[in-house]
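Undergrad: Once you've had a glance at the structure underneath, I'll fire off some questions.
The values are calculated or read from the model by the stated rules, or taken from the named source; none is laboratory data. Everything quoted here is computed from the prediction, not taken from an experiment. All Cβ positions, even for glycine, are placed from backbone atoms using ideal geometry, and neighbour counts span all protein chains on display.
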Amino acid sequence: MMSKFKHIFFYLLLLTSSKLWSQNDLTLYHMQSLPQRLYTNPAALPDSKFFIALPLIGNLNFDAGLSFLELKNLNNLIDEDDKRITIDLSQLDAVFKEENYLYFNNYIELGHAGISLGKNFIQANFGIKNRIRFQYPKDLIDLIVDGNGGSNLGKTFQLAPSIMFQSYAEVGIGYTRAFGQNDRFKLGTRVKLLRGLSDFSTENAYLSLQTNPIDYSYSIENRLKVNTSSTGIENPWQDLGELSNNGLAVDLGFQAQLSKRLSISGAVNDIGKINWVSNTKTYFTPNQFFEFDGVRLDNILLDSQEFKADLKSYRDSFFNLFDVDTAAGGSYTTRLPAYFYLGGSFVLLNNHRIGALIYCDIFDQKIHPAFTLSYNARLTKALSLSASGSFRQGMLIGFGAGGSINMGPVQFYLVLDNIPFLGLERANYFNARTGFNLTFRRRAAIRKEKKNRKKIS
């Protein structure tokens, strides 16, 4: 039996996946001690009356969808003895799905601050977001493993991948207003001005291979278009203001205290798009078709001129499939992947609470849901801890954990979703967020904390 650490290593190396999508900050959402929860819901105010995230180290965040291989499949796929590890390629069919994804997102925060002014709360943030996504069909793996013979005869393979790399600067201004008795209701919004730094994205890519069940011949059809935009400069910060890749996005959120114990909240984030204008180029292949019906065996044996001519013709035709033309591109638009939360929180005794969260990611015009249960506790004035479990399609997909510690006004925090060593069998993404804040708590929050240490009547 392969050790768990070898499973993890292989899990990271294979870079194969089931259907992946980004699942953002499932544990963070109910962590009231952290100002960064405002990124999940602009109405979900932290305990702080005033906060500043320390530049560059205030919020280090990345979100990665890596390989998804259940341990039971790994055990069938990998055979290990004392000297070597072998892979049974015949078992790959059980690993891959019809659509397979890899993704990586990260956010480099350069500044984030907020202040409470009576019933109003104002926040501002500035940072850089990077997104990478690679999608590929199962047919590509089937063709590599089994070739175009056997059970694949007469089959049409769809092989085109979908690739996206995007980087942009974000300046956000948020505003939250409290309403009602004891500020029981809150509405919040964040308007985000976007400036695109670079983009590389395929558009309607098509690559098919069809095999003939009679004579083993095959045909290939190819069509590809890639839109790109870049700064065209070595130092994008120097001329950031000169770029014309402008965009706009909006976050909307609410929070309602229904009783002493129960509250509900929700948010929809990243409703927006970027219009790419600066230094755009389009790489494309016109619709190309290649058909290979074999060569005559007697021509090969005789080393005839006819064979050499046929070989050159096939070679030229095949490589013409992938001849890429370049043109100065016009403007084009990309939409941000929107996502939303719907949560509820129930206060227990002594500043302990449980939370439930429904998360949905809207990607490729499809809705991808997840469900998270969390336990959150403020153990002392300085220490808060959280734990969570996330589910998809009724199955546990991973565990998360988070915590913060305050040393005077200095706050350190760490939040993890889908910890790789826990729930590995179904985990297919990992999210981490850490950093330092300067926080100054509200008097009302302190009074509420003291009250909650007593039994809630």
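Undergrad: Which pairs do you get when a residue that is outside any loop (DSSP other than H, G, I, E, B), found in the range 186-205, comes within reach of a residue that is among the acidic types (Asp, Glu), reach meaning Cβ atoms under 7 angstrom, with the pair 6+ apart or on two chains?
TA: These pairs meet every condition: Thr189/Asp251; Arg190/Asp251; Lys192/Glu170; Leu194/Glu170.
Undergrad: Just checking: which of the strands (runs of 3 or more DSSP E) contained wholly in the range 377-451 hold 3 or more residues that are at pLDDT below 90, of a type outside the set (Ser, Thr, Tyr) and more than 30 Å from the chain's Cα centre (by Cα)?
TA: Result: empty, no element qualifies.
Undergrad: Out of the residues in the range 158-216 that are basic (Lys, Arg) and under 30 Å from Gly127 (Cβ atoms), which is modelled with the lowest pLDDT?
TA: Checked the range 158-216; the qualifying residue modelled with the lowest pLDDT is Arg195.
Undergrad: List the pairs whose first member sits in the range 25-43 and is of a type in the set (Val, Ile, Thr), whose second member is in a loop (DSSP other than H, G, I, E, B), and whose Cβ atoms are under 6 Å apart, counting only residues at least 6 apart or on separate chains?
TA: These pairs meet every condition: Thr40/Asp25.
Undergrad: So Arg335 fits all but one of (1) at pLDDT 85 or above; (2) basic (Lys, Arg); (3) exposed (fewer than 12 other Cβ atoms within 10 Å of the Cβ); what number is the exception?
TA: It is condition (3) that Arg335 fails.
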